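Just below is one structure, and these are the notes that go with it.
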Amino acid sequence: LNDNPSGYKLTLSGTLTSPKLNFHPPFLMLMPVPLDVESGAVVTIIPQEFIRPSQIRVKLPEAELADGTRSCPFSVQFPEGQDIVLSSDGTAKELICHISFRSPKPMSFLGEIIFIDHEEN
């Protein structure tokens, strides 16, 4: 370089990856139960392509009952925490999530539980 404008060319290339979550099992079907009895299941969340620690949040769906009232019959718990922690080799620890359903009124429901990180991914 040293004031010599000869043809030095630097080429950079890279791959952009977006963080994603995989779930095991990939979908959840809870068994019918009597009124006001909890039905639940455990889901393993597998974080992939995260480059920094993050925390998972959950948006739960609401259901409209026959009388017009709205209810959120689902609850979600993370017994070991909601933090995505990266290990020294760049992988993230799996998260355990307990999803449960309980309703004092009869209902059938199909909906999405949305898991997002602090950047709304």
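The values are calculated or read from the model by the stated rules, or taken from the named source; none is laboratory data. Note that the structure is predicted; figures quoted are calculated from it, not measured. Note that each Cβ is placed from the backbone with ideal geometry, even for glycine, and that neighbours are counted across all protein chains shown. Side chains included, ligands, DNA and RNA excluded: accessible areas come from the protein's heavy atoms. Shrake-Rupley method; radii C 1.70, N 1.55, O 1.52, S 1.80 Å.
When Ile84, Ile113 are checked against the criterion of being closer than 19 Å to Glu38 by Cβ and of a type outside the set (D, E, K, R), Ile113 stands alone in meeting it. The residue of region 87-96 that is farthest from Gln55 (Cα to Cα), among those that are modelled with pLDDT of 90 or more and either assigned to a strand (DSSP E or B) or open to solvent by less than 30 Å² (accessible area, probe 1.4 Å) (or both), is Ile96.
Checking Pro47, Pro53 one by one, the residue that is in contact with an Asp or Glu (Cβ under 9 Å, 6 or more places away or on another chain) and at pLDDT 90 or above is Pro47 and no other. Out of curiosity, is Lys59 of a type in the set (Lys, Arg), within 20 Å of Gly111 (Cβ to Cβ) and either modelled with pLDDT of 85 or more or in contact with an Asp or Glu (Cβ under 8 Å, 6 or more places away or on another chain) (or both)? Spelling it out, Lys59 is indeed of a type in the set (Lys, Arg), within 20 Å of Gly111 (Cβ to Cβ) and either modelled with pLDDT of 85 or more or in contact with an Asp or Glu (Cβ under 8 Å, 6 or more places away or on another chain) (or both). Of the numbered criteria (1) assigned to a loop (DSSP other than H, G, I, E, B); (2) open to solvent by less than 70 Å² (accessible area, probe 1.4 Å); (3) out of contact with any Phe, Trp or Tyr (no Cβ under 8 Å at 6 or more places or on another chain); (4) of a type outside the set (Asp, Glu), the one Leu30 fails is (3). Inside region 97-110, residues that are open to solvent by 50 Å² or more (accessible area, probe 1.4 Å) and either outside any loop (DSSP other than H, G, I, E, B) or of a type in the set (A, V, I, L, M) (or both) make up a count of 3. You will find that of Leu21, Leu16, the residue that is farther than 30 Å from Pro104 by Cβ, modelled with pLDDT under 85 and among the hydrophobic types (A, V, I, L, M, F, W, C) is Leu16 and no other. Scanning region 50-61 for residues being open to solvent by 100 Å² or more (accessible area, probe 1.4 Å) and assigned to a loop (DSSP other than H, G, I, E, B) gives a total of 2. For Ser39, the requirement of being touching a residue at least 12 places away in the same chain (Cβ under 8 Å), in contact with a Gly (Cβ under 6 Å, 6 or more places away or on another chain) and open to solvent by less than 40 Å² (accessible area, probe 1.4 Å) is not met.
Among the residues of region 62-86, the one identified as at pLDDT 85 or above, exposed (fewer than 13 other Cβ atoms within 10 Å of the Cβ) and of a type in the set (Gly, Ala, Ser) is Gly81. Within region 66-97, the set of residues being under 12 Å from the mean Cα position of the chain (by Cα) and of a type in the set (Asp, Glu) comprises Asp83, Glu94.
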